[in-house]
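Report on the structure given below.
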Amino acid sequence: MTVENLDIVIVGATGNLAKRKLLPALYDLEVQGLLPAQGRVIGTARSPYSQEAFRSMAREAIGAEARSAWDDETWAGLAARLKYIQLPDGDLSQLRAELTQAERLIFLAIPPSYFGSTARGLAEQGLVEGTRLLIEKPFGRDLESARDLDRELRSVLDESQIFRIDHYLGKETVQNILVFRFGNAVFERIWNRDAIDHIEITVAESVGMEGRGYFYEEVGALRDIVQNHMLQVLSVLTMEPPASFDAEAIRDEKVKLLRAVQPLDPANIVRGQYTRGMADGREAPAYREEENVAPDSDVETFAAAKIEIENWRWAGVPIYLRTGKRLPFRSTEIEIAFKTVPRTYFEATPVEHVSPNTLTLCIQPEEEITFSFLAKVPGQEINVKQVSMNFSYDSAFSAEPAEAYERLIHDAIEGDRTLFVRADSVERAWEIVQPALDNPPPLGFYVAGSWGPFESDELISPLTWHLR
Ligand code: BG6
């Protein structure tokens, strides 16, 4: 079912997020006939733009970033509903006059410090009823500011009107974790402390600041990736089976899981910052040499942590999180290492050399699932070697997965909140990382293009990171 009547408003329509993600996602939805039949797409920002200039900016952004091939007719359909309005000083009075429908999505593609005042502005214009507000992380910069932001938003809007985006939840492969776990009887039986030795979650990026130094100086890896993307993925991976696949049933289980995650212990955290090195085959500057970064910055571009989930399913299973900029390559993956065999019968391979079974859920850039196990090497003697079974989205399905924003905007149009983050979950995630923000461990340094400071290897000792 597609919603018929809805205006879509992007506040901050000339910024980076709108150009790289939102406008291209709207075009991809138009290609699939998934935009509401009636309603405008209204872009607003502070700067003056003619309708023509705005359309041509949108056209360029879509040409560069959309997933679907360019199609003149589709563009004409989208362009016919595009409208730009300049809203100087965030004054929303003009917006009301341009809306054509009783309901609207309003996407705040603006700095979080303006979320509260924009929500109040909507209330002043009598635009609360019929509005679904989409906001993007970071939701605050610590527990206290997250609570303040929430109070501000909730003084105007009901929780059911707030759609908090963590774009990792929109990724096809993250959603597939639910199907993998709950659509197959076999895995759920071994998804626990009896069978699993440890879990590693890695979000590695090879890029550096890409002109985002100003933003990153305020954030760092713990706030940028651990508090949101990693804890959200972890909760989908380790939550209990929900009572149903309803949004609230799933969101209840996710927050219940986060409540069992112990707040980060600064002794089990490693913070790092990259120095000059090589990245993607080219010389890369140190973080402190990046544009808009203080020459003595203490901000971490790498974070690794060992955490525990204190519940019956997971007690005693260490979970290792690791993320960083300027690591050797881009990869987001989950590695589940099962317990090793209690003894071995293979004389040539002592038990400590028998590799455990592992299940690797690769989220990007390759979208695949790999199970590794031992096999006998052909020959007269019993020699064993690790081999693998692999499922790849590419070869199993001919369709390319939708972009996260495409999925999330579509769900917001439909009013489906499953993949959006609820306030209690945001707050709990801040409670988990807060000790690391209050008492940050000293910074270690790593050469750009390496796997982070050596201290992160000690964290996982005597194991070694799967990706290294
Ligand atoms: C964003 C972070 O939320 O996620 C960025 O602010 C990061 O720093 C990005 O690069 C990673 O997203 P993806 O989808 O490319 O893994």
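A few remarks follow.
- Counted by Cβ distance under 10 Å from residue 21, the other residues give a net charge of -2, where Lys and Arg count +1 and Asp and Glu count -1.
- Residues of the chain: accessible area per residue with a 1.4 Å probe, Å²: 45
- Percent carbon-and-sulfur accessible area, the chain, ignoring ligands, DNA and RNA, probe 1.4 Å: 49
- In nm, spacing of pseudo-spin labels at residue 182 and residue 416 (7 Å Cα→C-beta vector): 1.3
- Directionally averaged shadow of the range 175-278, computed from the convex hull of its alpha-carbon atoms, nm²: 9.5
- Relative to the dominant Cα principal axis of the chain, helix 72-81 is inclined by about 60°.
- Per-pair calculated FRET efficiency, R0 = 51 Å: residue 344 and residue 282 via Cβ, rounded to 0.05: 0.65
- Once the Cβ-Cβ distance of residue 455 and residue 391 is raised to the sixth power relative to R0 = 25 Å, the FRET efficiency obtained is 0.10.
- Karplus-derived 3J(HN,Hα), 6.51/-1.76/1.60, for each residue of the range 354-371, Hz, glycine and proline x: 7, 5, x, 5, 9, 10, 10, 9, 9, 8, 6, x, 7, 10, 7, 10, 10, 10
- Reduced Cα scattering model of the range 373-433, Debye log10 I(q)/I(0), q = 0.18, 0.25 Å⁻¹: -0.84, -1.00
- Mean-position separation - Cα centroids, the range 1-71 and the range 390-468, in angstrom: 27
- Taking chymotrypsin sites (Phe, Trp or Tyr not before Pro) across the range 260-369, the ones in a DSSP loop with at most 10 further Cβ atoms lying within 10 angstrom of their Cβ are 312, 345.
- Cleavage-rule hits, GluC sites (Glu not before Pro), the range 285-338, DSSP coil, Cβ neighbours within 10 Å at most 13: 291, 310
- Magnitude of the charge dipole, the chain, Cβ model with Lys/Arg +1 and Asp/Glu -1, debye to 20: 200
- Relative contact order, whole percent, for the range 358-446 stands at 15, derived from Cα pairs under 8 Å and 6 or more residues apart.
- Links that overshoot a 25 Å alpha carbon limit, given the list 254/306; 339/385; 19/171; 171/385; 137/325: 171/385
- Relative contact order of the range 215-272, pairs being alpha-carbon contacts under 8 Å that are 6 or more residues apart, as %: 26
- Treating each Cα of the range 385-468 as one equal point scatterer and applying the Debye formula with no solvent, the log10 of I(q)/I(0) at q = 0.16, 0.18, 0.25 Å⁻¹ comes out as -1.08, -1.04, -1.13.
- Sorting the segments 179-189, 139-149, 5-15 by their mean number of nearby beta carbons within 10 angstrom, highest to lowest, gives 5-15, 139-149, 179-189.
- 0 to 90° range, to nearest 10: angle between helix 404-414 axis and the chain longest Cα axis: 50
- What you get for the range 1-127, charging only the Cβ of Lys and Arg (+1) and of Asp and Glu (-1), is a dipole of about 300 debye around the Cα centre.
- 15 Å beta-carbon shell around residue 267, net charge (K/R +1, D/E -1): -3
- Furthest towards positive pole of dipole, 462, 113, 395, structure part the chain, Cβ charges: 462
- The chain, relative contact order in percent, only Cα pairs under 8 angstrom and at least six apart counted: 18
- Net length gained if the chain between residue 262 and residue 154 were fully extended (0.36 nm per residue, minus Cα distance): 36.1 nm
- Over the range 12-84, the reciprocal of the mean inverse Cα-Cα separation, the Kirkwood hydrodynamic radius, stands at 12.1 Å.
- C-alpha long axis of helix 115-124 to longest principal axis of the chain, angle in °: 30
- The loop-placed chymotrypsin sites (Phe, Trp or Tyr not before Pro) in the range 1-71, going by DSSP, that have at most 14 neighbouring Cβ atoms within 10 Å of their Cβ come out as 70.
The values are calculated or read from the model by the stated rules, or taken from the named source; none is laboratory data. As the structure is a computational prediction, the values presented were derived from the model and not from experiment. Cβ: placed from backbone, ideal geometry, glycine included. Neighbour counts: every protein chain shown. In case anyone asks, the SASA skips ligands and DNA or RNA and just uses the protein heavy atoms, side chains included. Shrake-Rupley method; radii C 1.70, N 1.55, O 1.52, S 1.80 Å.
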